[in-house]
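Below is one structure, written out as structure tokens, with a few remarks after it.
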Amino acid sequence: MIKMKNLVVGSGFSGATIARKIAEELNQKVVVIDAKPHVGGNSYDYFDSNNICIHKYGTHIFHTNSKLVWNFLAKFTKWYTYQHKVKGLLDGQYVPIPFNLNSLYQIFPACIANNLEKCLIEKFGFNKKVPILELRKTKDEDLTFLAEYIYQKIFLEYTLKQWGMKPEEIDASVSERVPIYISRDDRYFQDRYQGIPLEGYTKLISNMLDHPNIGVELSTSFSKDMEYEKLFYTGSIDEFFEYKFGQLPYRSIKLDFLEFSYDKFQEAAVINYPCNYDFTRIGEYKWFLNSQANKTVVSYEYPEQFELGKNERYYPIIKDENRILYNKYLELTKDIPNIHFLGRLGDYKYYDMDKAIERALILFENM
Ligand SMILES: Cc1cc2nc3c(=O)[nH]c(=O)nc-3n(C[C@H](O)[C@H](O)[C@H](O)COP(=O)(O)OP(=O)(O)OC[C@H]3O[C@@H](n4cnc5c(N)ncnc54)[C@H](O)[C@@H]3O)c2cc1C
């Protein structure tokens, strides 16, 4: 077997970024393999027969404050300047999520909302984001009432469905991802750069991999027999070490896709169902690139535990005991300097796409 100069395992954003940097800036050959029959990892999408761009592994919206990442991607895609909005079904109404001042006025009578708005601004300030667990610590009677309402109606059941745990049992970094926003800004993200690749994520990643120094082999799983000088592994770190210390836990999602023969299914690209049903949210794909098709496609998300061989690893479950387990695997990597672990699975971190790219860019700079 010929020894490869650089082997990259995984063709998601992490693998594609490191492969491109090595190929372009070091002018070295890179082989990228992926167990899946397509490139793109979890960000993979495709255009269906109605020309609607479907995100096979659930809705993906690109957002970042990193100029470095945004400029890096500019070579590989043009962007549809999409600003993401999410609503949640709350007491029979679809209100903006994250819960903000508009949600407050939609749910409560004006005199109550007005008082709560004043209390929130006095305590935390305008345009501030407050994690629910912090809001719950307040001693103010009115704010305690609001905190309990939001906790019960938005966070508790949603978190139980999504993570199989209560909000206080998951890592603060996870529950803080959707804070209460003391603002009238209905957008889900406030990042400087937001958008959807005009020709989809798969095309973007294919463009990243389109370089004379890069070879891509799909439907190819990593095997210990492969020979390489350097390995960049974006698969799950526990799998690489053959589960020596046990499996790292992940959450998975079962996605049910449905097509309807009418224009729009719902009033926002994503609608959360915190208290109703077993699914957490419904995503409607034509919103992302403003598709004008006569039909529409939605996906219902049913979170479930990851089980080896049964479903996909989606989200690392960030909590102390899992971090300890991950650190044991990380310790093993110190003896193998020619192997780098990165990405959502390699680092066992809840990366958004921009953070996965940034991590790969930084790894390259430090190599
Ligand atoms: C439901 C969901 C929604 C999300 N929404 C957003 C969003 O809106 N915005 C955002 O910024 N981020 C979002 N993300 C996060 C985003 O998907 C990740 O940041 C991104 O996929 C990370 O890329 P990666 O390359 O690290 O991992 P992945 O995309 O998972 O790629 C890893 C690749 O490695 C391959 N692989 C693994 N093991 C092996 C092996 N042994 N041999 C060969 N190949 C292997 C896999 O097949 C896979 O293709 C979402 C994630 C999920 C799960």
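A short reminder: the numbers here are calculations on the coordinates, not readings from a lab. Note that the coordinates shown come from a computational prediction; the quantities given were computed from them, not determined experimentally. Virtual Cβ from ideal backbone geometry, glycine too; neighbours counted across all protein chains shown.
Between the alpha-carbon centres of the range 267-292 and the range 161-187 there is a gap of 18 Å.
Taking trypsin sites (Lys or Arg not before Pro) as exposed when DSSP calls them loop and at most 13 other C-beta atoms lie within 10 angstrom, the chain has its longest site-free stretch at 4-74.
The local environment of D320, defined by Cβ-Cβ distances under 11 Å, has a net charge of -1 under the rule Lys, Arg +1 and Asp, Glu -1.
Starting with the highest mean, order 35-43, 8-16 by the number of other Cβ atoms within 10 Å, averaged over the residues of each peptide.
Numbers: 35-43: 19.4, 8-16: 29.7.
Descending packing order for the listed peptides: 8-16, 35-43.
Taking 0.36 nm per residue of separation and subtracting the Cα-Cα distance, what length does fully extending S173 through I2 add? Walk me through the numbers before you get to the answer.
Working: separation 171, 0.36 × 171 = 61.56 nm, distance 4.38 nm.
In short, 57.2 nm is gained.
Using the number of other C-beta atoms within 10 angstrom as an exposure proxy, rank M4, M165 with the fewest first. Display every interim value, and only then the final one.
Details: M4 18, M165 14.
Placing the least packed residue first, the sequence is M165, M4.
In this structure, the residue pairs whose Cα-Cα separation is over 28 Å, taken from K29/K56; K85/K123; K56/K230, are K29/K56; K56/K230.
Given the DSSP H assignment, sum -39500 (n - 2.57) over each helix run of at least 4 residues in the chain and divide by its residue total; what's the result at 222 nm in deg cm²/dmol, nearest 500? Write out the running numbers ahead of the final one.
Details: 13 runs with 113 residues, N = 367.
My calculation for the chain gives -8500 deg cm²/dmol from helical runs alone.
Amide H to amide H distances under 5 Å link L90 with V95, where only residues 5 or more positions off or on other chains count and H is placed in the peptide plane. Think of the range 232-355 as having a plus end and a minus end, set by charges on the Cβ of Lys, Arg, Asp and Glu; of S236, F279, L332, L332 sits farthest toward the positive end of this dipole. Model label points for K166 and A110, set 7 angstrom from Cα along the Cα-to-Cβ axis, are 3.9 nm apart.
Under the Kirkwood approximation for Rh and a Cα-based Rg, what ratio Rg/Rh is obtained for the range 25-115?
Numbers: Rg = 20.5 Å, Rh = 17.8 Å.
For the range 25-115, the value is 1.15.
Angle of helix 353-366 to the longest C-alpha principal axis of the chain, folded into 0 to 90 degrees and rounded to 10: 40°. Think of each Lys and Arg Cβ as +1 and each Asp and Glu Cβ as -1; about the Cα centre, that makes the dipole of the chain roughly 600 debye. Dividing the mean sequence gap of close Cα pairs (under 8 Å, 6+ apart) by how many residues the range 146-260 holds gives a relative contact order of 13 percent. With the biggest extent put first, the Cα atoms of the chain measure 74, 49, 38 Å across the principal axes.
Calculate, in nm to one decimal, what K349 and R192 gain on full extension: separation in residues at 0.36 nm each, minus their alpha carbon distance.
Values: separation 157, 0.36 × 157 = 56.52 nm, distance 2.29 nm.
Separation in residues times 0.36 nm, less the Cα-Cα distance, equals 54.2 nm.
More than 22 Å apart: what percent of Cα pairs in the range 86-182 qualify? Display every interim value, and only then the final one.
On the way: 1055 of 4656 pairs.
So the portion of pairs separated by more than 22 Å is 23 percent.
Note on the range 251-305: Cα-only Rg and Dmax are 11.8, 36 Å. Overall form of the range 204-312: oblate. Here a/c, set by the Cα gyration tensor axes a ≥ b ≥ c, is 1.5 or more, and a/b is not larger than b/c.
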